[in-house]
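Written out below as structure tokens is the structure these notes cover.
The values are calculated or read from the model by the stated rules, or taken from the named source; none is laboratory data. On a predicted model such as this, the values are computed, not experimentally measured, just so you know. Cβ: placed from backbone, ideal geometry, glycine included. Neighbour counts: every protein chain shown.
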Amino acid sequence: MNSQRQYWETTPRKWQGEQPQRLWRQHSDAVNLALVQRWWPDEPIESVLKTDLFDEVFGEGLCPFMHSKVRTVSGIDISESIVSAARMRCPELQTAVADVRSLPFASDTFDLTISNSTLDHFEAAGDITVAVGELYRVLRPGGQLVLTLDNLCNPKIALRYALPFRLLRALSLVPYFVGSTLGPRGLCREVRQAGFQVIDTAVVMHCPRVIAVAIAGLLQRHAGYPAQQRFLRSLMAFEKLSRLPTRSFTGHFVAVRAVK
Ligand SMILES: C[S@@+](CC[C@H](N)C(=O)[O-])C[C@H]1O[C@@H](n2cnc3c(N)ncnc32)[C@H](O)[C@@H]1O
């Protein structure tokens with residue numbers, strides 16, 4: 001566990017100066033925001049927990065939206081440098097350096113927990129079960145969970161998981177360590193086993209990611225604001241694929257909305 005903490009302490013630090021994926025992170029934020037807006041609970045709620053703060057450091061993240069909706073927004077991350085950078089950007093955020101597999105909160109604390117692609121960075125598949133159990137514990141009865149993971153049914157991701165991480169890094173196919181993950185069925189099974197009731201599922205981020213990240217990097221350096229905005233709009237147009245029966249094969253993330 002300590003080596004993972006160390007990894008997430010040093011890896012994002014390399015990005016913090018130059019922000020090489022600034023434009024791409026805007027698309028990532030837009031996809032996450034659209035999902036969270038769609039699945040935000042209908043009844044008024046007071047507290048929300050976000051399980052990593054990477055998005056809040058390398059883009060706008062979900063902080064402005066969450067703060068427009070609830071009084072208390074809490075966020076954790078295993079990386080101390082990510083937590084302190086997030087606190088600088090969102091001073092009203094209540095933060096803790098913590099591992100999502102062992103949360104420093106009492107049971108039945110939160111009305112909503114948002115976990116965007118945090119649980120797909122563990123080496124051991126069983127750690128997803130441990131983390132989902134923790135997310136269940138800290139939600140109050142009736143509280144809701146919005147959880148996304150890399151989608152194992154997408155053939156590109158299945159191939160990525162079959163290849164050694166060193167090779168993926170050498171080919172620049174992944175920016176950081178990626179671990180075990182699940183497809184839509186596996187994710188539903190996992191949250192049900194923890195005690196949740198599944199309300200909804202989705203598959204999101206349908207643009208060809210490797211190409212899109214590369215183009216975003218080029219446009220960030222060489223294009224003006226209007227061209228960058230046109231590019232972001234074209235990436236969002238791919239989200240129409242989420243309405244097709246083929247969505248499980250094209251989407252990068254599988255998402256579940258569940259209630260305790
Ligand atoms: C690559 S990012 C997450 C991606 C981002 N949320 C997104 O949707 O693209 C992984 C983040 O999770 C954090 N993290 C990794 N393992 C963690 C753990 N066990 N508990 C809490 N945070 C963790 C890392 O420090 C990093 O900020």
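Key figures for this structure:
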quantity	calculated
Members of region 67-79 that are under 24 Å from Gln19 (Cα atoms) and either among the polar types (S, T, N, Q) or more than 18 Å from the chain's Cα centre (by Cα) (or both)	Ser79
Odd one out for Met66 among (1) modelled with pLDDT of 95 or more; (2) in contact with an Asp or Glu (Cβ under 8 Å, 6 or more places away or on another chain)	(2)
Lone qualifier among Ile45, Ile76 - being away from the ligand (no atom under 11 Å from the Cβ), in contact with a strand residue (DSSP E or B) (Cβ under 9 Å, 6 or more places away or on another chain) and at pLDDT 95 or above	Ile45
Condition check for Leu147: aliphatic (A, V, I, L, M), surrounded by fewer than 22 Cβ atoms within 10 Å (Cβ to Cβ) and modelled with pLDDT of 95 or more	no
Pairs where the first residue, in region 84-108, is more than 17 Å from Phe65 (Cβ to Cβ) and the second is more than 14 Å from the ligand (Cβ to nearest atom) and at pLDDT 95 or above, C-beta under 6 Å, 6+ apart	Ser107/Arg137; Asp108/Arg140
Top-ranked residue of region 111-133 - restricted to ones that are crowded, with 22+ Cβ neighbours inside 10 Å and part of a helix (DSSP H, G or I), ranked as nearest to the ligand (Cβ to nearest atom)	Ala131
Breaking point among (1) closer than 29 Å to Ala258 by Cβ; (2) more than 17 Å from the chain's Cα centre (by Cα); (3) surrounded by 14 or more Cβ atoms within 10 Å (Cβ to Cβ), for Arg185	(3)
The one condition in (1) in contact with a Leu (Cβ under 9 Å, 6 or more places away or on another chain); (2) more than 9 Å from the ligand (Cβ to nearest atom); (3) closer than 26 Å to Phe122 by Cα that Trp40 fails to fulfil	(3)
Flag for Met66 being more than 9 Å from the ligand (Cβ to nearest atom), over 26 Å from Pro44 (Cβ atoms) and either surrounded by 22 or more Cβ atoms within 10 Å (Cβ to Cβ) or free of Cβ contacts under 8 Å to residues at least 60 places away in the same chain (or both)	no
Candidate set: region 188-226, residues that are among the β-branched types (Val, Ile, Thr) and part of a strand (DSSP E or B); chosen: the one surrounded by the most Cβ atoms within 10 Å (Cβ to Cβ)	Val203
Residues located in region 49-73, provided they are closer than 17 Å to Leu119 by Cβ and touching a strand residue (DSSP E or B) at 6+ places or on another chain (Cβ under 6 Å)	Leu49, Lys50, Thr51, Asp52, Leu53
Among the residues listed as Gln220, Gln228, the single one being polar (S, T, N, Q) and modelled with pLDDT of 95 or more	Gln228
